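In what follows, a single structure is set out as structure tokens and then discussed.
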Amino acid sequence: MAENQKPRVGVFICHCGTNIAGSLSIEEVMDYARTLPGVVVADQYQYMCSTPGQNKIIDAIKEHDLNGIVVAACSPRLHEPTFRTATSEGGLNKFRFEMANIRDQNSWVHMHDWDGATEKAKDQVRIAVAKARLLEDLQPKSVAVEHAAMVVGAGVGGMQAALDLANAGIKTYLVEKLPTIGGRMSQLDKTFPTLDCSQCILTPKMVDAGRHPLIELKTYTEVENVEGYIGNFEITLRKMARGTYDGPEMIAAGREGSGCNGCGDCAEVCPVIKPNPFEMGMAPRKAIYIYHPQVMPLQYTIDFESCVKCGLCKEICGPEKNAINLDMVDQLEKVKVGCVILATGYDLIPIEDKTEWGYKKYENVITGLEFERLICASGPTGGHMIRPSDGATPMKVGFVLCAGSRDNTGGVAKPYCSRFCCMYSLKHAHQLMEKIPGCQPYIFYMDIRSFGKMYEEFYYRIQNEGCKFIRGRVASVQEDPVTKNVYVMTEDTLLGRPVTIECDLVVLAAAIQPKPDAERIRQMFGISKSQDGWYLEAHPKLNPCGTTTAGIFLAGVCQGPKDIPDTVAQAEGAASAASIPIHQGEVQLEPYFAQCVEDLCAGCGMCVPQCPYKALALIEKDGKKVMEVTEAKCKGCGTCGGFCPGGAIRMQHFTSPQICAQIDAFLLGGRGGEE
Amino acid sequence: MAVEKNYGNSELENKLRDRYYYTSDSSKDFSDEVRKISGTISHMCYQCGTCTGSCPSAPRSSYRIRVFMRRAVLGLEDEALMDPDLWLCTTCYSCTDRCPRDIAPTDVIMAMRNLAFRKDIGPRNFLKTVQLIYSSGHGVPNNDVNRAAREKLGLPRDPPTTHSYPEFMPGIRKIIDHYGLKEQADKLLSEE
Ligand SMILES: Cc1cc2nc3c(=O)[nH]c(=O)nc-3n(C[C@H](O)[C@H](O)[C@H](O)COP(=O)(O)OP(=O)(O)OC[C@H]3O[C@@H](n4cnc5c(N)ncnc54)[C@H](O)[C@@H]3O)c2cc1C
Ligand code: SF4
Ligand code: SF4
Ligand code: SF4
Ligand code: SF4
């Protein structure tokens, strides 16, 4: 409050329909507000957020020459922007607004205590008024936004987000840890419920992402460090040593030769054989390898952990291409972007830890992902579905649904539903019946969750094709050591009878979990996670693509289990949200910065290391050492303000006098805080 | 409540018995009591069937642990306590090991047995076992066939239990008497 101005506060109390008015006395709170020092007008309305409600604020500001507004209603998260707008439309600086949350923090929790809730609302209003009397004009700071974005993780979600951003004219770095983009979807054979070939619909996107002039692929690359804030993220990338150069890299490295053209001569001669993780370890690869023929970029990679440095590959590659460098080391690179989209996807849980189902103990128990590779024409068996123990064609196959999902026993088990395993198990059952005449699939389930568009119809179709559904969660799987057949035991809960079915093969629909390094990524980008470990969206309904950190957005399974249609939809949402600040070119930061009161600052510098965001520095000014705040970096956390021994740091909008007035108002019943 | 039918043919009547679930059959108190005594979240069963699928008793009898869990959820007191299957659990704890909701169905059965016994329900073999423990300290006391077998195996004729140390019997009886178990078993058996 400017010193020469007398406080003139208006208080507005919202009914929120019956949300508030049903649990406390609006009249009493309003009458009480009128008695508070500095309050010149108090009013109430059914919905303060509605146009007539807002007009009440606007009109009162003019009529009563107000300089502070208090609205007692819901949460600032919901409607602070609304009321700030009304405040400024009335002609006041929008920061001369204070909110008392008498709904979420009062009427909703004290629904059955009318008198108590009314008293508490009076306290809340009194506290808000105490602050409103001391509010001051503040100017939001705007910072320029870098016209570039980064997407971390190049599965179908990350690729879609990158393509959308690039098509909207934004330079986009698509960072992928593996040597190729594509993610899990490139491991799938067909996709439910339409059964189109996964690679066929994915490779065009991979090619588009690879060729787009505004997308810079950063494969075999990890995020090393993140600094900055919305509009100005400075991200350090670690380009892992992949042992080969492509054309442009040759030029950059000043090497003679054309670089890797993907001919694969090197892999022919490489003597080291390792399991290919893309094929779930069911097919070999060399120490110099590509995952599969459609990789993007088509460039070989050396796994230096298994490479014996015999040099055979380098020799055969020859001086013309000269693509191989066996002594390559990791390189760090810094890029600047305005916004970031995280799309890091998922893994299966280590389902072998649920020992009752025998994964990794019995050869003929596999996971859904292994099934995808075994049934895929480009997979290790050329699409001939076989069982691992003897290569025989399985004629009876059991599908164990909810394997580790919807399970509250802890350990590797997950309490949530993994959301796509019902549907892909239906798909697998269909594929078996289609490829192997006479093959009988059994689906052991608790509920079939076929919630998407055309999903229930797909369920109908698979049942009609002859799949048997047994409603019972599988209690255990046991192997006949001679035939290697596997016995699936459960109760048919609909018959109320225990049942054991001898199968040739068992497929576990294993639960999914975040990637092992999701936690590291999360901390670097300063976002939250939900209790199940997935990245936390800003709001589950109203802001599902954003995070609570400005400028960071989410796409795909990294935010929670979802299938391809939902992943792509969220990716497009995230790209659209991320493009807004980039296209606007500048963002406004809330002016809750720390400020150095230079007269009081002793220049001791003790605050500098306290700031978690590296926003503080000591500088020379008029021959005196003082602290300086880089406002764009300051998040207004208040650490330094509370710390400074000389009280030289002032937190805007949360000044010591404002906070003391609020405490006094609460503890002294309104007698404090008066000047 | 179930509707009475009378066809004058007990077999037919049983077949045509009204099996409608009337919400008035449910007792919330029973649900709560089972939850309290069992110390497990018996109201959280989602009927997956893992327990029955794990149960060694299920394939050999009409006993379905899952059905008792349903009765616990719904509070179907009479149906649970009067069902002779209640006594077919071997307390092997296989179901407790595997229940994905982390419930201990075994303890639910124990709780129901407790409640049944309070209502003077208890099968003969259980009551006899009480008497045997009271008299010998063993549910299955040693006998001459066993003794001969033990001798053949080079073991002492009696195991190192109350059979060899009868001086501990008074202690065991004191525990049983404290709960009035023996008295109750005697009474129920004499009423037969
Ligand atoms: C057996 C099986 C069958 C399925 N079948 C279907 C189906 O038929 N239809 C359907 O709609 N859905 C299906 N799904 C679901 C589908 O796989 C997912 O919906 C989809 O892959 C999610 O895409 P995403 O981009 O979010 O994640 P992912 O595909 O997992 O991609 C994430 C990418 O990020 C990369 N990454 C991770 N961490 C980092 C990091 N720190 N730095 C850089 N890069 C990183 C990963 O390497 C990966 O390339 C199936 C799933 C399974 C398991
Ligand atoms: S999608 Fe189906 S199989 Fe997967 S966890 Fe959910 S209910 Fe279980
Ligand atoms: S308020 Fe927090 S973020 Fe801002 S300068 Fe101080 S310590 Fe750093
Ligand atoms: S295993 Fe647990 S959740 Fe499943 S039916 Fe049995 S008691 Fe209920
Ligand atoms: S504890 Fe009882 S109900 Fe549970 S599996 Fe064993 S015998 Fe069956």
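The values are calculated or read from the model by the stated rules, or taken from the named source; none is laboratory data. What you see is a predicted model, and the numbers here were worked out from it, not measured in a lab. A quick note on method: Cβ atoms are made from the backbone with ideal geometry, for glycine too, and the neighbour counts reach across all protein chains shown. Accessible surface is based on the protein model in full, side chains and every heavy atom, while ligands, DNA and RNA are left aside. Shrake-Rupley method; radii C 1.70, N 1.55, O 1.52, S 1.80 Å.
Output the qualifying pairs, or none if there are none: Cβ atoms under 7 angstrom, residues six or more apart or on different chains, first residue in the stretch B:90-102 and more than 16 Å from ligand 1 (Cβ to nearest atom), second residue open to solvent by 60 Å² or more (accessible area, probe 1.4 Å).
B:100/A:408; B:101/A:408; B:101/B:44; B:102/A:408
Can residue A:421 be described as in contact (Cβ under 8 Å) with a residue 40 or more places away in the chain and within 14 Å of chain B (Cβ to nearest Cβ)? Steps first, answer last, please.
Details: in contact (Cβ under 8 Å) with a residue 40 or more places away in the chain: yes; within 14 Å of chain B (Cβ to nearest Cβ): no.
Taking the combined requirement at face value, the residue does not satisfy it.
When the residues of the stretch B:76-109 are filtered to those that are facing chain A (nearest Cβ under 10 Å) and part of a loop (DSSP other than H, G, I, E, B), which remaining residue is nearest to ligand 2 (Cβ to nearest atom)?
Step one: filter the stretch B:76-109 for residues facing chain A (nearest Cβ under 10 Å), giving B:94-95, B:97-103.
Those still in the list that are part of a loop (DSSP other than H, G, I, E, B) too: B:99-103.
Details: B:99: 16, B:100: 10, B:101: 14, B:102: 17, B:103: 18 Å.
Among them, the one singled out is B:100.
Please state which one of A:500, A:483 is β-branched (Val, Ile, Thr) and within 14 Å of chain B (Cβ to nearest Cβ).
On the way: A:483 fails: within 14 Å of chain B (Cβ to nearest Cβ).
Result: A:500 is the single residue among A:500, A:483 that is β-branched (Val, Ile, Thr) and within 14 Å of chain B (Cβ to nearest Cβ).
Just name the residue that is modelled with the highest pLDDT out of those in the stretch A:631-645 that are surrounded by 14 or more Cβ atoms within 10 Å (Cβ to Cβ) and more than 8 Å from ligand 3 (Cβ to nearest atom). Spell out the reasoning first.
The initial filter retains those residues of the stretch A:631-645 that are surrounded by 14 or more Cβ atoms within 10 Å (Cβ to Cβ), namely A:631-641, A:644.
Next cut, more than 8 Å from ligand 3 (Cβ to nearest atom) only: A:631-632, A:644.
Working: A:631: 86, A:632: 79, A:644: 94.
The residue in question is A:644.
Only one of A:403, A:377 is touching a Gly at 6+ places or on another chain (Cβ under 8 Å) and in contact (Cβ under 8 Å) with a residue 12 or more places away in the chain; which? So that I can check it myself, show each step before the final result.
Values: A:403 fails: touching a Gly at 6+ places or on another chain (Cβ under 8 Å).
Matching residue, one of A:403, A:377: A:377.
Please work out if residue A:554 is touching a strand residue (DSSP E or B) at 6+ places or on another chain (Cβ under 8 Å), within 16 Å of ligand 3 (Cβ to nearest atom), in contact (Cβ under 8 Å) with a residue 12 or more places away in the chain and open to solvent by less than 40 Å² (accessible area, probe 1.4 Å). Step through it out loud before you land on a result.
Numbers: touching a strand residue (DSSP E or B) at 6+ places or on another chain (Cβ under 8 Å): yes; within 16 Å of ligand 3 (Cβ to nearest atom): no; in contact (Cβ under 8 Å) with a residue 12 or more places away in the chain: yes; open to solvent by less than 40 Å² (accessible area, probe 1.4 Å): yes.
No, not satisfied.
Are there any pairs with C-beta distances below 9 angstrom linking a residue in the stretch B:45-63 that is more than 9 Å from chain A (Cβ to nearest Cβ) to a residue that is more than 8 Å from ligand 5 (Cβ to nearest atom) and of a type in the set (Phe, Trp, Tyr), with the two at least 6 apart or on different chains, and if so which?
B:63/B:87
Count, please, the residues in the stretch B:116-133 that happen to be assigned to a helix (DSSP H, G or I) and surrounded by fewer than 18 Cβ atoms within 10 Å (Cβ to Cβ).
Going residue by residue through the stretch B:116-133, those that are assigned to a helix (DSSP H, G or I) are B:116-118, B:124-133.
Next cut, surrounded by fewer than 18 Cβ atoms within 10 Å (Cβ to Cβ) only: B:118, B:124-126, B:128-129, B:131-132.
Matching residues across the stretch B:116-133 total 8.
Applying the selection to the stretch A:488-497, what residues are touching a strand residue (DSSP E or B) at 6+ places or on another chain (Cβ under 9 Å) and at the interface with chain B (Cβ under 7 Å from one of its Cβ atoms)?
A:489, A:490, A:491, A:493
Taking the stated definitions as given, is residue A:449 within 14 Å of another protein chain (Cβ to nearest Cβ), surrounded by fewer than 21 Cβ atoms within 10 Å (Cβ to Cβ) and either closer than 19 Å to residue A:418 by Cα or among the small types (Gly, Ala, Ser) (or both)?
Values: within 14 Å of another protein chain (Cβ to nearest Cβ): yes; surrounded by fewer than 21 Cβ atoms within 10 Å (Cβ to Cβ): yes; either closer than 19 Å to residue A:418 by Cα or among the small types (Gly, Ala, Ser) (or both): yes.
Considered against the rule, which asks whether it is within 14 Å of another protein chain (Cβ to nearest Cβ), surrounded by fewer than 21 Cβ atoms within 10 Å (Cβ to Cβ) and either closer than 19 Å to residue A:418 by Cα or among the small types (Gly, Ala, Ser) (or both), residue A:449 comes out as yes.
Given the condition more than 30 Å from the chain's Cα centre (by Cα) and in contact (Cβ under 8 Å) with a residue 12 or more places away in the chain, answer yes or no: does some residue in the stretch A:573-595 qualify?
In the first step, residues of the stretch A:573-595 are kept if they are more than 30 Å from the chain's Cα centre (by Cα); the result is A:595.
The next check asks that each one be in contact (Cβ under 8 Å) with a residue 12 or more places away in the chain; those that pass are A:595.
Yes, the stretch A:573-595 contains a residue that is more than 30 Å from the chain's Cα centre (by Cα) and in contact (Cβ under 8 Å) with a residue 12 or more places away in the chain.
Looking at residue B:70, is it closer than 27 Å to residue A:400 by Cβ and either open to solvent by 30 Å² or more (accessible area, probe 1.4 Å) or not in a helix (DSSP H, G or I) (or both)? Outline the logic, then answer.
Details: closer than 27 Å to residue A:400 by Cβ: yes; either open to solvent by 30 Å² or more (accessible area, probe 1.4 Å) or not in a helix (DSSP H, G or I) (or both): yes.
When the stated conditions are applied, residue B:70 passes them.
Quick check on the stretch A:498-505. Is at least one of its residues under 30 Å from residue A:570 (Cα atoms), within 16 Å of ligand 1 (Cβ to nearest atom) and crowded, with 20+ Cβ neighbours inside 10 Å? Outline the logic, then answer.
Narrowing the stretch A:498-505 to residues under 30 Å from residue A:570 (Cα atoms): none.
Checked the stretch A:498-505: no residue is under 30 Å from residue A:570 (Cα atoms), within 16 Å of ligand 1 (Cβ to nearest atom) and crowded, with 20+ Cβ neighbours inside 10 Å.
Can you tell me which residue among A:471, A:406 is within 16 Å of ligand 4 (Cβ to nearest atom), in contact with a Leu (Cβ under 8 Å, 6 or more places away or on another chain), within 11 Å of chain B (Cβ to nearest Cβ) and of a type in the set (D, E, K, R)? Spell out the reasoning first.
Numbers: A:406 fails: in contact with a Leu (Cβ under 8 Å, 6 or more places away or on another chain).
Testing whether each residue is within 16 Å of ligand 4 (Cβ to nearest atom), in contact with a Leu (Cβ under 8 Å, 6 or more places away or on another chain), within 11 Å of chain B (Cβ to nearest Cβ) and of a type in the set (D, E, K, R) leaves just A:471.
For residue A:257, are the conditions met, namely being within 19 Å of residue A:290 (Cβ to Cβ) and in contact with a Pro (Cβ under 9 Å, 6 or more places away or on another chain)?
Numbers: within 19 Å of residue A:290 (Cβ to Cβ): no; in contact with a Pro (Cβ under 9 Å, 6 or more places away or on another chain): yes.
It is false that residue A:257 is within 19 Å of residue A:290 (Cβ to Cβ) and in contact with a Pro (Cβ under 9 Å, 6 or more places away or on another chain).
Report yes if some residue within the stretch A:408-415 is in contact with a Lys or Arg (Cβ under 6 Å, 6 or more places away or on another chain), assigned by TED's automatic domain parsing to the domain that holds residue A:385 and either within 14 Å of ligand 1 (Cβ to nearest atom) or at pLDDT 95 or above (or both); otherwise report no.
From the stretch A:408-415, those in contact with a Lys or Arg (Cβ under 6 Å, 6 or more places away or on another chain) are A:408; that's our starting set.
From what's left, assigned by TED's automatic domain parsing to the domain that holds residue A:385: A:408.
If we keep only those that are either within 14 Å of ligand 1 (Cβ to nearest atom) or at pLDDT 95 or above (or both) as well, we get A:408.
Within the stretch A:408-415, one or more residues are in contact with a Lys or Arg (Cβ under 6 Å, 6 or more places away or on another chain), assigned by TED's automatic domain parsing to the domain that holds residue A:385 and either within 14 Å of ligand 1 (Cβ to nearest atom) or at pLDDT 95 or above (or both).
Quick one: in the stretch A:504-525, which of the residues that are in a strand (DSSP E or B) and in contact with a Phe, Trp or Tyr (Cβ under 7 Å, 6 or more places away or on another chain) is farthest from the other protein chains (Cβ to nearest Cβ)? Before the answer, list the steps.
Step one: filter the stretch A:504-525 for residues in a strand (DSSP E or B), giving A:505-510, A:512-514.
If we keep only those that are in contact with a Phe, Trp or Tyr (Cβ under 7 Å, 6 or more places away or on another chain) as well, we get A:507-509, A:512-514.
Details: A:507: 18, A:508: 14, A:509: 14, A:512: 16, A:513: 16, A:514: 21 Å.
In this case the residue turns out to be A:514.
Quick one: would you say residue A:372 is modelled with pLDDT of 95 or more, more than 26 Å from residue A:285 (Cβ to Cβ) and not in a loop (DSSP other than H, G, I, E, B)?
Working: modelled with pLDDT of 95 or more: yes; more than 26 Å from residue A:285 (Cβ to Cβ): no; not in a loop (DSSP other than H, G, I, E, B): yes.
For residue A:372, the condition - modelled with pLDDT of 95 or more, more than 26 Å from residue A:285 (Cβ to Cβ) and not in a loop (DSSP other than H, G, I, E, B) - is not met.
Just the residues that are over 33 Å from the mean Cα position of the chain (by Cα) and open to solvent by less than 30 Å² (accessible area, probe 1.4 Å), please, taken from the stretch A:596-626. Spell out the reasoning first.
If we filter the stretch A:596-626 for residues that are over 33 Å from the mean Cα position of the chain (by Cα), which is where we start, we get A:596-606, A:618-626.
Once the filter is applied, which keeps residues that are over 33 Å from the mean Cα position of the chain (by Cα) and open to solvent by less than 30 Å² (accessible area, probe 1.4 Å), the stretch A:596-626 yields A:601, A:603, A:605, A:626.
In the stretch A:104-215, which strands (runs of 3 or more DSSP E) lie fully inside it and hold 2 or more residues that are open to solvent by 10 Å² or more (accessible area, probe 1.4 Å)? Before you say what the answer is, go through the steps one by one.
Numbers: elements: A:141-144, A:148-152, A:171-175.
Per the criteria, A:141-144, A:171-175.
Residues that are away from ligand 5 (no atom under 15 Å from the Cβ) and not assigned by TED's automatic domain parsing to the domain that holds residue B:182: does the stretch B:82-93 have at least one? Before you say what the answer is, go through the steps one by one.
Kept after step one, since they are away from ligand 5 (no atom under 15 Å from the Cβ), are these residues of the stretch B:82-93: B:82.
Add one more test, that the residue is not assigned by TED's automatic domain parsing to the domain that holds residue B:182, and what stays is B:82.
So far as the stretch B:82-93 goes, yes, one or more of its residues are away from ligand 5 (no atom under 15 Å from the Cβ) and not assigned by TED's automatic domain parsing to the domain that holds residue B:182.
So, residue A:580, is that one more than 16 Å from ligand 4 (Cβ to nearest atom), crowded, with 17+ Cβ neighbours inside 10 Å and either within 14 Å of chain B (Cβ to nearest Cβ) or modelled with pLDDT of 95 or more (or both) or not? Spell out the reasoning first.
Values: more than 16 Å from ligand 4 (Cβ to nearest atom): yes; crowded, with 17+ Cβ neighbours inside 10 Å: no; either within 14 Å of chain B (Cβ to nearest Cβ) or modelled with pLDDT of 95 or more (or both): yes.
When the stated conditions are applied, residue A:580 does not pass them.
All but one of (1) among the polar types (S, T, N, Q); (2) over 26 Å from residue A:134 (Cα atoms); (3) part of a strand (DSSP E or B) hold for residue A:44; which doesn't?
(2)
Would you confirm whether or not the stretch B:23-41 contains a residue that is within 14 Å of chain A (Cβ to nearest Cβ) and either of a type in the set (Ser, Thr, Tyr) or open to solvent by 70 Å² or more (accessible area, probe 1.4 Å) (or both)?
Yes: the stretch B:23-41 contains one or more residues that are within 14 Å of chain A (Cβ to nearest Cβ) and either of a type in the set (Ser, Thr, Tyr) or open to solvent by 70 Å² or more (accessible area, probe 1.4 Å) (or both).
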